[in-house]
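All remarks here apply to the structure that follows.
The values are calculated or read from the model by the stated rules, or taken from the named source; none is laboratory data. Predicted, not measured: the structure shown is a model, and the values here were computed from it. Cβ: placed from backbone, ideal geometry, glycine included. Neighbour counts: every protein chain shown.
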């Protein structure tokens with residue numbers, strides 16, 4: 001996962017893994033992103049591996065963003081991400097697009 | 001409390017393997033013309049359970065295969081499809097693959113994905129065909145059947161479900177509340193905080209649930225700590241799920257068995273509500289008797305965590321004895337504290353009490369190791385089914401005595417021999433149906449396997465009512481192979497024993513077992529290796545019985561200690577019929593080498609063990625000796641020994657770990673004084689003495705000093721510039737060096753226990769902390785005149801690998817000298833003119849501190865000799 005500021009937005013490119021193996025690094029990124037206090041765009045089309053740990057982290061982060069009135073949106077979330085978010089009942093909370 | 005994934009995995013694998021066994025038995029017993037639906041239901045439940053568990057534990061291929069089988073079995077149990085023999089065979093094949101997958105998971109090896117997918121495809125195709133032939137109105141909707149039907153029409157059903165979900169997008173749980181009339185469950189899943197660290201993932205359980213029916217999930221984030229305080233490796237989420245399905249509650253709970261304990265999952269009918277998390281904890285704290293029966297299952301399953309099932313009775317017995325031992329110990333402690341000679345009697349009493357309890361404890365622990373022979377028997381029906389099918393024969397199996405218990409290690413060692421005997425019975429014993437009927441026999445042949453205990457042994461008979469052994473053909477083959485001569489007169493029993501010779505294993509017979517190279521000769525060897533023996537009874541035209549007589553346990557034995565010459569030897573008590581003091585008047589010399597003794601109104605052959613083992617016998621007077629009468633193959637034989645010592649239990653050690661098998665010696669043990677005592681193989685000794693020498697392998701071990709090329713272990717390429725450390729020692733005034741990496745330890749010289757029929761330079765065996773180590777006198781190995789041991793005589797224990805096995809060998813040297821570093825490039829080769837027969841054992845020469853040191857290749861020196869002996 002990496003991030004950068006572009007046009008007053010924070011672009012987060014999620015990479016291929018959103019799982020237990022990568023959560024510590026991703027948490028560090030999310031802390032910095034929150035501190036930047038800019039709207040967030042997640043690019044998530046490359047995600048191929050997702051688990052509960054990864055989604056819980058993202059959920060915790062987006063809830064914190066909401067509290068700080070920071071908006072976020074998803075661009076091209078992968079089907080793997082959508083499926084796992086559905087299974088865990090997180091789709092609406094994560095504001096993942098509904099493209100069924 | 002953290003849940004250990006590995007523990008769950010082991011439990012899952014063990015229980016699934018047991019389930020495979022039961023599934024296999026059920027499939028083999030299905031009557032196709034009158035299918036018992038309850039049996040199919042039982043198969044369905046087992047496969048369904050395995051599907052869920054394997055999915056939750058991440059075994060995707062296993063889950064996929066189980067899923068296709070489950071669908072198929074659902075069709076059968078719903079009377080939509082009728083089973084045929086081909087289906088049974090396919091299901092058995094699928095069971096084999098599942099078994100292989102479980103073993104791969106156990107051993108962490110890859111699975112054969114191609115084979116798995118092949119069988120998955122077959123069943124998928126079958127399921128599609130069956131489904132397409134079902135009249136439309138009879139097709140069950142997915143939610144009701146609880147089985148996901150893998151057809152194209154499912155996609156339409158799915159689409160309609162998605163459309164319904166679309167309408168209820170905003171409040172899925174609320175919408176579920178409206179569906180009071182639909183069958184289903186409300187589930188609250190509140191996993192342990194550290195679930196994410198155990199390797200299991202709640203999303204997998206959700207995935208399995210989703211397959212059971214329409215599911216709506218809401219996640220409760222109220223326990224999530226504020227970001228960034230929260231630890232992402234802990235789980236703070238709670239899930240509230242509504243699942244529309246007719247799946248029973250216990251199967252719902254089974255889905256969570258690997259990811260949750262009982263308190264973590266609340267399941268109520270969909271019409272009820274679940275309280276918020278805090279009060280739920282109180283609600284579930286109900287008295288045990290009020291809990292539904294299904295909730296007890298997970299606990300019951302987790303009780304059996306070992307690979308040997310042990311009754312609580314055995315455990316209780318052991319615990320009681322441990323309690324007694326604690327008492328005994330405190331009694332002795334007390335006596336020792338205030339000890340005076342007047343207390344010695346009490347001390348002896350206390351020691352006796354301790355000894356008694358230790359024996360009891362030992363006996364009880366040994367009993368824990370005992371497993372029923374049924375463990376082997378259960379594999380046989382399937383084995384016979386496959387074999388008989390291949391050979392177009394009809395065979396029935398009758399087993400008896402499956403509850404007879406045997407030491408676990410013993411069971412593992414005789415499992416293959418028994419299967420091979422069964423294979424032999426099907427292949428060579430039982431005739432084809434038409435042949436049997438011509439002979440007036442029933443079309444179906446019968447194989448019987450019977451196990452029972454008898455006098456400290458277990459007897460296993462494998463018998464058939466087939467054609468029996470043809471004595472004349474065996475004799476002709478034996479003569480052809482040079483095992484006997486034309487003039488040899490053998491009893492039936494001796495003749496039948498010939499089929500255990502290697503020459504009688506026919507390579508033309510191809511089976512699963514013979515593919516691993518197991519012939520009757522290997523069966524014989526395996527049985528003998530565990531201290532047993534095997535005999536044959538056969539009547540031509542009527543059938544054969546192979547009888548294995550096996551000791552109950554491999555590890556510990558009740559024994560009689562005896563003295564022959566200066567050494568103590570051990571004879572297993574089970575082999576002894578009687579012990580008598582020799583009456584020289586009853587002894588008769590048949591010739592110079594053979595004696596007989598008048599015992600119980602018959603003359604029995606005698607073997608003088610000191611002569612047999614070439615042990616010097618200073619006491620030639622027979623009247624001071626004892627006769628141990630043994631019963632071998634229903635014949636009494638007397639063994640002359642010098643002295644009778646005590647009886648005791650001994651722990652059996654394997655001699656072959658570091659040396660080799662010595663005929664006549666079945667193992668070794670370590671006595672209370674730390675010395676090694678050899679255990680006599682009474683049967684081998686007697687058989688050698690009484691049978692034709694040509695039938696039995698030579699006892700003598702020939703020594704050859706010819707140059708032998710041994711296969712080298714794969715080793716790293718030596719870096720000649722890297723210094724190597726050597727240890728040097730003195731022998732007959734010369735200094736020799738050996739690679740220090742081959743040195744395990746250095747010990748003061750001690751006399752080894754004499755090893756009969758071993759090369760002259762083998763000076764017996766010693767005890768190295770429980771390991772039996774042979775020692776070699778290097779002087780004698782080098783052909784140097786031997787000498788008495790001096791104050792500096794030492795034993796260097798070497799460790800080296802032969803054929804990928806680590807072995808210990810001791811060498812006796814005059815004195816340890818020094819250690820030094822050598823650069824391999826500086827090692828000089830031995831001059832060509834050197835004619836030493838041991839030239840190939842010398843690595844080279846080096847000069848160190850103005851001394852010429854001969855560097856030895858110890859591996860060549862020692863292990864070549866052992867190789868030669870093995871080949872002799």
- Message: I'd like the full set of residues that are under 16 Å from residue B:655 (Cα atoms) and crowded, with 19+ Cβ neighbours inside 10 Å, limited to region B:769-796.
- Response: B:772, B:773, B:774, B:775, B:776
- Message: Looking at the structure I just gave you, is residue B:38 part of a helix (DSSP H, G or I) and free of Cβ contacts under 8 Å to residues at least 12 places away in the same chain?
- Response: yes
- When you scan region B:428-471, how many residues do you find that are at positive phi and out of contact with any strand residue (DSSP E or B) (no Cβ under 8 Å at 6 or more places or on another chain)? 2
- Pair list, Cβ < 8 Å and 6+ apart or interchain, from region B:260-273 residues that are within 14 Å of residue B:241 (Cβ to Cβ) to residues that are assigned to a helix (DSSP H, G or I) and at pLDDT 80 or above: B:260/B:195; B:260/B:205; B:265/B:253; B:267/B:249; B:267/B:252; B:267/B:253
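Residue by residue, here is whether (1) modelled with pLDDT under 85; (2) part of a loop (DSSP other than H, G, I, E, B); (3) out of contact with any helix residue (DSSP H, G or I) (no Cβ under 6 Å at 6 or more places or on another chain) holds:
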site	(1), (2), (3)
B:381	no, no, no
B:402	yes, yes, no
B:406	yes, no, yes
B:409	yes, no, yes
- Inside region B:732-741, can you point out the residues that are buried (at least 20 other Cβ atoms within 10 Å of the Cβ) and more than 43 Å from the chain's Cα centre (by Cα)? B:736
- Task: Please indicate, with yes or no, whether at least one residue in region A:50-64 is exposed (fewer than 15 other Cβ atoms within 10 Å of the Cβ) and modelled with pLDDT of 90 or more.
- Result: no
- Counted residues, region B:84-134 - those being within 24 Å of the chain's Cα centre (by Cα), surrounded by 15 or more Cβ atoms within 10 Å (Cβ to Cβ) and not in a helix (DSSP H, G or I): 1
- Task: Scan region B:204-256 for residues that are in a helix (DSSP H, G or I), crowded, with 23+ Cβ neighbours inside 10 Å and either over 40 Å from the mean Cα position of the chain (by Cα) or within 7 Å of chain A (Cβ to nearest Cβ) (or both) and report the count.
- Result: 1
- Restrict the check to region B:270-278 and report whether at least one residue is under 28 Å from residue B:46 (Cβ atoms), away from chain A (no Cβ under 14 Å) and at pLDDT 75 or above. yes
- Query: Which residue out of B:807, B:751 is under 20 Å from residue B:668 (Cα atoms) and surrounded by fewer than 18 Cβ atoms within 10 Å (Cβ to Cβ)?
  - Reply: B:751
- Message: Here is a check on your reading of the model: is residue B:71 in contact with a helix residue (DSSP H, G or I) (Cβ under 9 Å, 6 or more places away or on another chain) and over 23 Å from residue B:378 (Cβ atoms)?
- Response: yes
- Query: What is the residue count in region B:32-47 for residues that are farther than 21 Å from residue B:64 by Cβ and under 31 Å from the mean Cα position of the chain (by Cα)?
  - Reply: 1
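Would it be correct to say that residue B:474 is part of a helix (DSSP H, G or I), under 27 Å from residue B:550 (Cα atoms) and free of Cβ contacts under 8 Å to residues at least 40 places away in the same chain?
Details: part of a helix (DSSP H, G or I): yes; under 27 Å from residue B:550 (Cα atoms): yes; free of Cβ contacts under 8 Å to residues at least 40 places away in the same chain: yes.
So residue B:474 passes the test.
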- All but one of (1) outside any helix (DSSP H, G or I); (2) within 30 Å of the chain's Cα centre (by Cα) hold for residue B:81; which doesn't? (2)
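State yes or no: is residue B:42 surrounded by fewer than 23 Cβ atoms within 10 Å (Cβ to Cβ) and either more than 19 Å from residue B:202 (Cα to Cα) or at pLDDT 90 or above (or both)?
When the stated conditions are applied, residue B:42 passes them.
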